[in-house]
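Notes to accompany the following structure.
The values are calculated or read from the model by the stated rules, or taken from the named source; none is laboratory data. All figures in this text were calculated on a predicted structure; none of them were measured in a lab. Backbone-built Cβ (ideal geometry, glycine too); neighbour counts: all protein chains shown. Protein only, heavy atoms only, side chains kept; ligands, DNA and RNA dropped before computing areas. Shrake-Rupley method; radii C 1.70, N 1.55, O 1.52, S 1.80 Å.
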Amino acid sequence: YCRVQRWAPGAQEFLLQRATLQEGAQLDMGNLNIGGRVTKSHIIAQLLGAHSTSRVYGFVFGHGAQHVDFHSLQDHQAPHTTSDLLYKAALKDASRLIYTGLIRIAKSAKQTDAYQANHNLLLSQRSTAETVPMLEILADDVACKHGATIGPVDEEQLFYLMSRGIPRTLAERILVMGFVQPIIDQ
């Protein structure tokens, strides 16, 4: 499943995406958010059957005064399940992203493998990002990881490109494209 959102600048979006995976099921989902003034998204993957797999990827390009509020839940209810979530955001102007993600592993979900990451690139002094990755693990014998980053474009990388004659705006665009490439590859 792949979704591209390009709402008009004044639009408000309230989105719920929910997948329920039974035994052996596999979900591959990609979301690209570009437009709208306010976006509030809830993405839920419930892994109810053994050997089910969920892979969720997304990218937000925030600009203007956009506000993006993104919540995710990777809910492991069965053993031998796998989930992978990677969301990235590049924020410029006065745009803002708030990410809250929860990996929940039930007591019955032994030998589960879950990963969650949210990485944010701030392209202006006024853009902001908040990220809250959470784990709720009730089972033993699981592999569960989460991570988050927030920061500006790497000045050394920018300098390297500019020292080769690439104008600053184009160099920054190249770095943003490199940042989002793992999402595009998926």
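Packing order of peptides 42-50, 5-13, 112-120, highest average first: 112-120, 42-50, 5-13 (average count of other Cβ atoms within 10 Å over each peptide's residues). If R0 is taken as 22 Å, the Cβ-Cβ distance between CYS2 and GLU136 corresponds to a FRET efficiency of 0.15. With a Förster radius of 22 Å applied to the C-beta separation of ASP185 and HIS51, the computed FRET efficiency comes to 0.35. Using the Cβ-Cβ distance between HIS42 and SER163 with R0 = 45 Å, the FRET efficiency computed as 1/(1 + (r/R0)^6) comes to roughly 0.50.
Site pair ILE98 and ILE174 shows an inter-label distance of 3.8 nm when each label is modelled 7 Å from Cα along Cα→Cβ. Surface analysis of the range 38-186 yields an accessible area of 48 Å² per residue, using protein heavy atoms and a 1.4 Å probe.
The packing ranking of peptides 149-155, 21-27, highest mean first, is 21-27, 149-155, where packing means the average number of other beta carbon atoms within 10 angstrom of each residue. Annotation: Cα Rg of the chain relative to the compact-globule expectation 2.2 N^0.38 Å equals 1.10. Here's how it looks for GLY62: its modeled amide H is under 5 Å from those of ALA90, LEU91, LYS92, which are all 5 or more places away or on a different chain. Helix 168-185 and the longest principal axis of the Cα set of the chain meet at an angle near 20°.
Taking the centroid of alpha carbons for each part, the range 121-135 and the range 148-183 are 17 Å apart. Across MET162, MET29, MET134, mean-square fluctuation computed from a Gaussian network of the chain (C-alpha pairs under 10 Å connected) peaks at MET162. For the chain, what's the relative contact order in percent, using C-alpha pairs closer than 8 Å and at least 6 residues apart? Computed over the chain, the figure is 16 percent.
In the elastic network of the chain, a GNM with C-alpha springs shorter than 10 Å, the most mobile of ARG168, ARG104, ARG37 is ARG168. Only Cα pairs under 8 Å and 6+ residues apart enter the sum, and on that basis the relative contact order of the range 6-102 stands at 28 percent. Find how many whole Å separate the alpha carbon centroid of the range 59-80 from the alpha carbon centroid of the range 93-113. Rounded to whole Å, the Cα centres lie 8 Å apart. For the options VAL68, VAL56, VAL142, a Gaussian network treatment of the chain with springs between C-alpha atoms closer than 10 Å singles out VAL142 as fluctuating the most. Expressed as a whole percent, the accessible area of the range 1-142 that falls on carbon and sulfur atoms is 54 (1.4 Å probe). This model, with +1 at the C-beta of Lys and Arg and -1 at the C-beta of Asp and Glu, gives the chain a dipole about its Cα centre of some 540 debye. The string of couplings for the range 40-53 from the Karplus curve (6.51, -1.76, 1.60, θ = phi - 60°) is 10, 10, 10, 10, 10, 10, 9, 9, 8, x, 4, 6, 8, 9 Hz, one whole number per residue in order, with x for Gly and Pro.
Spin-label pair PHE14-ASP69: with each label point 7 Å from Cα along the Cα-Cβ axis, the two points sit 1.0 nm from one another.
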